[in-house]
Amino acid sequence: MELFQERGYVQTTVEEVAARAGVTERTFFRYFADKREVLFSGAKELEKGIVDRIESAPREASPLHTVVAAFEAAGAELQDRRDLRFVRARYALVTKHAEIQERELIKMASLAMAVAKALRARGVSEPAASLAAEAGIAVFKVGFERWVSERKPRDFAAHIRAAVDALRAVAAERKGPTGRLKKKPTRRA
């Protein structure tokens, strides 16, 4: 991260990253496919932690509650384990570079598939499993963006809960007989 900040992401080479880490390029490539992967080094652990929490959730918990609780716990763990300066610097790189955004989207899609699979293993049918998984990803993403963008960040899990509340409000919007959202009546003068 220091190299990316000092030299710029595009200008930083794998050779430089390996040298800064005190390893050879060959060793670097044993652990990472390319320099983008350095920014996603904890993705598999994050996925495993979320899936494990879903698998061990109480049977009576709803799919959405199960997913949100797993993402809240993952958010709290991320907040405890990662320095906020690192998280913000990484976020700035992701938002600035399309190739990193692409990798982020791939990682999130992979996480959504793993979450849906874990829900199906709990007996949640489709499309509920996929919808709960995608909702969890959306809530985590919105919560993360709000957390990392705040000047004095609150608890990450609080941002996730706020995003869930907003999602529930959107889902509770009134619908007419056609299933479409009712328009608010306009006042006439």
Problem - Lys, Arg +1 and Asp, Glu -1 on Cβ, resulting dipole of segment 71-155 about Cα centre, debye, nearest 20 - result: 240
Problem - aspartates and glutamates whose Cα lies under 18 Å from that of LYS152, excluding same-chain neighbours fewer than 8 positions away - result: ASP80, ASP83
Exercise for the section: Just grab the label-to-label distance for HIS65 and ALA89, each label 7 Å out from Cα along the Cβ direction, in nm (one decimal). Expected result: 4.2
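Treat every Asp and Glu Cβ in the chain as -1 and every Lys and Arg Cβ as +1, leave all other atoms uncharged, and give the resulting dipole magnitude about the Cα centre to the nearest 20 debye.
With only Lys, Arg, Asp and Glu charged at Cβ, the dipole is about 1220 debye.
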Problem - Separation of alpha-carbon centers, segment 67-145 and segment 2-45, rounded to whole Å - result: 22
Fill in the blank from the handout: Cα-based Rg then Dmax for the chain, in Å, read 20.0, 75
Practice task
Compute the long axis of helix 128-149 from its Cα atoms, compare it with the longest principal axis of the Cα atoms of the chain, and write down the angle in degrees, 0 to 90, nearest 10.
Solution key: 60
Practice task
Over 21 Å between C-alpha atoms is what I'm after, so list which of LYS35/LYS141; LYS35/LYS117; LYS48/LYS141 land there.
Solution key: LYS35/LYS141; LYS35/LYS117
Practice task
Calculate one ³J(HN,Hα) per residue across segment 59-74 by plugging θ = phi - 60° into the Karplus curve 6.51 cos²θ - 1.76 cosθ + 1.60, and present them in order as whole Hz with x for glycine and proline.
Solution key: 4, 7, 5, 5, x, 5, 4, 4, 5, 4, 4, 5, 5, 4, 4, 5
Fill in the blank from the handout: GNM on the chain, Cα springs under 10 Å; top mean-square fluctuation among HIS159, HIS97, HIS65 goes to HIS97
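We did not get these values from a lab; they are worked out from the coordinates using the rules stated. The shown structure was predicted, so the numbers you read here are calculated from the model rather than taken from an experiment. Note: ideal-geometry Cβ built from the backbone for every residue, glycine included; neighbour counts use all protein chains shown.
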